[in-house]
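A.B. asks: I have a structure here, written as structure tokens, and I will follow up with some questions on it.
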Amino acid sequence: MKFYYYWLAVFVLVVDYATKKWVEHSLVLNETRSVIGDFFVITSIRNKGAAFSILQEQRLLFIGITLVVVIGIVWYTAKNRNSGKALLLSGLGLVLGGAVGNLVDRALYGQVVDFLQFTFGSYVFPVFNIADSGICVGVALILLDALLSSKKENGDSNSNGQESNGSENHQFIR
């Protein structure tokens with residue numbers, strides 16, 4: 001499928017938008033609904049900051065940074081579109097969709113709708129949304145691609161096309 005990475009971005013953007021609208025219309029602010037006991041709940045909150053509610057009330061800063069990131073992702077994706085790196089391009093598409101999803105909320109409403117909440121024992125993970133999930137999964141794919149590419153490059157550069165029995169690189173003291 002041509003330009004699948006942009007379709008991934010659109011998918012994240014649409015699902016993010018639809019779920020945020022569902023939360024806004026189905027729950028009042030700070031209302032919680034259990035999905036899987038106390039482990040997974042839907043909690044309707046609004047975040048005027050960045051990840052995990054840091055830097056509250058910095059709307060213009062976040063809009064500016066996000067615009068730069070979106071432009072950078074589009075440029076980098078176009079530059080690498082023929083690279084055959086499916087992990088990299090998929091990751092960029094997911095990050096792009098998530099970034100645009102949160103950008104739309106910040107630009108239009110000055111805040112982001114967060115609603116996914118997980119609890120692990122006594123630790124309550126900060127509430128997030130689908131856009132945040134797209135960004136995190138996308139970054140993980142980009143890092144995985146970098147790791148696999150680095151491993152492949154290091155493996156190729158060490159062998160120089162020749163087999164090694166491992167003894168050439170060791171010095172023995174007699």
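The values are calculated or read from the model by the stated rules, or taken from the named source; none is laboratory data. Quick caveat, the model's predicted, so the values are computed rather than measured. No Cβ is skipped: glycine too gets one built from the backbone with ideal geometry, and neighbour counts run over all protein chains shown. Ligands, DNA and RNA are excluded from the accessible area calculation, which covers all protein heavy atoms including side chains. Shrake-Rupley method; radii C 1.70, N 1.55, O 1.52, S 1.80 Å.
A.B. asks: Of the conditions (1) modelled with pLDDT under 95; (2) open to solvent by less than 40 Å² (accessible area, probe 1.4 Å); (3) not in a helix (DSSP H, G or I), Tyr5 satisfies every one except a single condition; which number is it?
C.D. replies: Tyr5 satisfies all of (1) modelled with pLDDT under 95; (2) open to solvent by less than 40 Å² (accessible area, probe 1.4 Å); (3) not in a helix (DSSP H, G or I) except (3).
A.B. asks: Ok, one more. Being over 15 Å from Asp132 (Cβ atoms), in a helix (DSSP H, G or I) and not acidic (Asp, Glu) is the filter here; which residues of segment 12-35 pass it?
C.D. replies: Within segment 12-35, Val14, Ala18, Lys21, Trp22, His25, Ser26 qualify.
A.B. asks: Please specify each residue of segment 36-48 satisfying the condition of being open to solvent by 40 Å² or more (accessible area, probe 1.4 Å), assigned to a strand (DSSP E or B) and more than 15 Å from Val124 (Cα to Cα).
C.D. replies: Residue satisfying the conditions is Arg46 alone.
A.B. asks: Only residues that are in a helix (DSSP H, G or I) and either closer than 10 Å to Ile142 by Cβ or modelled with pLDDT of 95 or more (or both): list them for segment 78-98, please.
C.D. replies: Leu87, Leu88, Leu89, Ser90, Gly91, Leu92, Gly93, Leu94, Val95, Leu96, Gly97, Gly98
A.B. asks: I need every pair where a residue in segment 5-20 that is within 19 Å of Gly84 (Cβ to Cβ) has its Cβ under 8 Å from the Cβ of a residue that is open to solvent by 50 Å² or more (accessible area, probe 1.4 Å), sequence separation at least 6 or different chains.
C.D. replies: Tyr5/Arg81; Trp7/Met1
Matching residues to (1) among the β-branched types (Val, Ile, Thr); (2) in contact (Cβ under 8 Å) with a residue 24 or more places away in the chain; (3) open to solvent by less than 10 Å² (accessible area, probe 1.4 Å):
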{"site": "Lys79", "(1), (2), (3)": "no, no, no"}
{"site": "Leu87", "(1), (2), (3)": "no, yes, no"}
{"site": "Gly97", "(1), (2), (3)": "no, yes, yes"}
{"site": "Asn102", "(1), (2), (3)": "no, yes, no"}
{"site": "Ala107", "(1), (2), (3)": "no, yes, no"}
{"site": "Gln111", "(1), (2), (3)": "no, yes, no"}
{"site": "Gly121", "(1), (2), (3)": "no, no, no"}
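A.B. asks: Output the number of residues of segment 123-155 satisfying the condition of being of a type in the set (Asp, Glu) and open to solvent by 70 Å² or more (accessible area, probe 1.4 Å).
C.D. replies: Qualifying residue count, segment 123-155: 1.
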